[in-house]
1. Would you point out the residue of the stretch 17-45, among those that are in a strand (DSSP E or B) and within 10 Å of the chain's Cα centre (by Cα), that is surrounded by the fewest Cβ atoms within 10 Å (Cβ to Cβ)?
2. Go through the stretch 54-63 and report how many residues are surrounded by 10 or more Cβ atoms within 10 Å (Cβ to Cβ) and farther than 26 Å from Glu32 by Cα.
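Where a number appears in this text, it was derived from the coordinates with a stated rule and is not lab data. As the structure is a computational prediction, the values presented were derived from the model and not from experiment. Neighbour counts run over all protein chains shown; Cβ positions are idealised from the backbone, glycine included.
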Amino acid sequence: MRTMMIDAIPTSDNVLKITSKHGSANYYALNENSGFIEAFENVNNRIIEQMLGEETLAENADY
């Protein structure tokens with residue numbers, strides 16, 4: 001999971017979660033339990049499937 005440092009991010013939609021605090025800095029990561037993140041990952045996967053095509057996906061399914 002990638003973590004980033006940003007001073008002010010609204011987290012009311014639960015897309016991000018605070019993973020740690022160091023001094024006055026909060027470190028955030030994507031909240032994988034967020035419905036938005038789940039939907040984004042699904043769209044991303046569909047785009048990749050469209051780009052690769054069925055033949056490439058079938059070859060990679062064995063791994």
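1. If we take residues in the stretch 17-45 being in a strand (DSSP E or B) and within 10 Å of the chain's Cα centre (by Cα), then Ala29 is surrounded by the fewest Cβ atoms within 10 Å (Cβ to Cβ).
2. Total meeting the criteria: 3.
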